[in-house]
Amino acid sequence: MAEHATLLQRHRAVMPGWLALNYSNPIELVAGKGSRVTDAEGNTYLDFFVGILTNMIGYDVPEVREAVERQLATGVVHTSTAYLLRGQVELAEKIARLSGIPDAKVFFTNSGTEANETALLLATYARRTDQVLAMRQSYHGRSFGAIGVTSNRAWKNNSYSPLNVHFLHGADRHLPQFRNLTDAEYVDVCVEDLRHVLATATGGDVAALIAEPIQGVGGFTAAPDGLFAAYKEVLDEQGILFISDEVQTGWGRTGETFFGIQAHGITPDAMTFAKGLGNGFAIGGVVARGDLMDALHAVGLATFGGNPISTAAANATLDYVLDHDLQANAAKQGATIINGLRDAATRLPIVRQVRGKGLMFAVELVDPGTGEPSTALAAALMEATRERGLLVGKGGLYGNTVRMAPPLTLSDAEAAEGLGILIDSLETVNEAAT
Ligand code: PLP
């Protein structure tokens, strides 16, 4: 206990100041089982953020643990990608098939950042240009390329990137001139803007658009239906590639489709993935058109990308998701919670919006007096849910959104329990603010 009390001081002394910690009194998690985790002080929580969407099918899943233990027992923890790795090939075959991308090939990395870096490398190499399109309010990672296509001031700050990036409208409906437009009108305005950007701000040669189907760090905000398809039509005219960042939206989490972009009726040239695939073990990657992947003539490897331990975990996790049709469960549990929150929000002036799809949903909070985004109320809601035994995530462009992404295995009882805690916490915070 005393050791836990000093851990925060030791963390602050030796870790970067910008490494974000949740809660005024940050938690050290020491155990997990199913949808629940336990902290060093013995408190147990229902976890509606599962790491950051990483423990996608819950904690300590026997199928994943046993697959990893079987691999550990062989002694082959790592041999490098210079050798044939059976688990890696099997995983690539599954992801290529699920992607719907014709003649797809897969390259494995250790994170979402590296996956995006690889996709940007493929696109800029194939098109021989450093010009890239990205979306406002996006988050794609921390490296030079990924931070370049990130448009979220809280995360990007003044970071330098060598890419030449032009940011497009999509999920950002905050500007007054956009607020009263119908979705169809907004899509038309966005497409006109894209054409204008291409004609006036670029040299006419652009490598790719990178976009999240639902923006994760951006607060689970989404472009309206029809926007990505309309963008793709313009991009196709000029041979510009479309990269869908599925780091948060992959594996059926949105309930609608297996990858988020598939709900928009378009097939991207590349998709990037990470987070939930290894159910906590580090693995990410890119699935892309084979010609695009093979165009990069470099002799390459990723020392740890797709290593035997991570691929054992990932194969077991992906099989579990498919065998138990967890996409359908995400749709079902998500609908219960989102509808419940929307219903409660009608009586809660602090809630500006409840949004999301499947088991990826968020509550955006505003000051009830001014209607302005309120980071303080989001922080208060996080503390209130924690006190009641529920862990959630924060985010949003103004830090005023509380995000939730429970495990895809969430049961009816856990969905009801989490919803009850959320409503109770919202009511308490609302009462204090009004
Ligand atoms: N892309 C998206 C959409 C993300 O949400 C994240 C992380 O939050 C990343 C990329 C970066 O992934 P990682 O933290 O694994 O490098």
Extreme residue, farthest from His297 (Cα to Cα), among residues of segment 128-152 that are within 11 Å of the ligand (Cβ to nearest atom) and assigned to a helix (DSSP H, G or I):
Ile147
Residue hits (segment 256-277; farther than 19 Å from Ala331 by Cβ and more than 14 Å from the chain's Cα centre (by Cα)) are Ile266, Thr267, Pro268, Asp269, Ala270
What tally of residues in segment 178-221 results from selecting those that are of a type in the set (Gly, Ala, Ser) and surrounded by fewer than 24 Cβ atoms within 10 Å (Cβ to Cβ)?
5
Spot the failing condition for Leu341; the list is (1) touching a strand residue (DSSP E or B) at 6+ places or on another chain (Cβ under 6 Å); (2) assigned to a loop (DSSP other than H, G, I, E, B); (3) of a type in the set (A, V, I, L, M, F, W, C), and only one is missed.
(2)
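Per-residue answers, yes or no, for (1) within 16 Å of Phe108 (Cα to Cα); (2) at pLDDT below 95; (3) not polar (S, T, N, Q):
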{"position": "Arg253", "(1), (2), (3)": "no, no, yes"}
{"position": "Ala263", "(1), (2), (3)": "no, no, yes"}
{"position": "Thr267", "(1), (2), (3)": "no, no, no"}
{"position": "Val287", "(1), (2), (3)": "yes, no, yes"}
{"position": "Ala298", "(1), (2), (3)": "yes, yes, yes"}
Among residues belonging to segment 99-127 that are among the hydroxyl-bearing types (Ser, Thr, Tyr) and away from the ligand (no atom under 16 Å from the Cβ), point out the one that is surrounded by the most Cβ atoms within 10 Å (Cβ to Cβ).
Ser99
Given the criteria within 16 Å of the ligand (Cβ to nearest atom), assigned to a loop (DSSP other than H, G, I, E, B) and farther than 19 Å from Gly334 by Cβ, does Val247 qualify?
no
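Yes/no matrix, rows are residues, columns are (1) free of Cβ contacts under 8 Å to residues at least 12 places away in the same chain; (2) over 30 Å from Ile338 (Cβ atoms); (3) hydrophobic (A, V, I, L, M, F, W, C); (4) crowded, with 20+ Cβ neighbours inside 10 Å:
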| position | (1), (2), (3), (4) |
| --- | --- |
| Phe228 | no, no, yes, yes |
| Leu241 | no, yes, yes, yes |
| Asn279 | no, no, no, yes |
| Gly290 | no, yes, no, no |
| His297 | yes, yes, no, no |
Per-region count, segment 36-50, residues touching a residue at least 40 places away in the same chain (Cβ under 8 Å), touching a Leu at 6+ places or on another chain (Cβ under 9 Å) and farther than 13 Å from Leu359 by Cα
3
If you go through Gln353, Gln333, the only one that is under 19 Å from His174 (Cα atoms) and either in contact with a Lys or Arg (Cβ under 9 Å, 6 or more places away or on another chain) or not in a loop (DSSP other than H, G, I, E, B) (or both) is Gln353
So, in segment 257-305, how many residues would count as being hydrophobic (A, V, I, L, M, F, W, C) and in a loop (DSSP other than H, G, I, E, B)?
13
Residues in segment 204-244 that are hydrophobic (A, V, I, L, M, F, W, C), within 21 Å of Arg289 (Cα to Cα) and within 16 Å of the ligand (Cβ to nearest atom) total 7
Show the residue pairs meeting these rules: Cβ distance below 7 Å; 6+ apart or different chains; first residue within segment 344-359 and at positive phi; second residue of a type in the set (Asp, Glu).
Gly358/Glu256
Report, by residue number, each residue of segment 303-319 that is polar (S, T, N, Q) and crowded, with 24+ Cβ neighbours inside 10 Å.
Asn307, Ser310, Thr311, Thr317
How many residues, within segment 94-118, are more than 20 Å from Gly300 (Cα to Cα), without any contact (Cβ under 8 Å) to a residue 60 or more places away in the chain and not basic (Lys, Arg)?
0
3 or more residues polar (S, T, N, Q): qualifying strands (runs of 3 or more DSSP E) within segment 1-99:
none
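The values are calculated or read from the model by the stated rules, or taken from the named source; none is laboratory data. Please read all numbers here as calculations on a predicted model, not as lab measurements. Note that each Cβ is placed from the backbone with ideal geometry, even for glycine, and that neighbours are counted across all protein chains shown.
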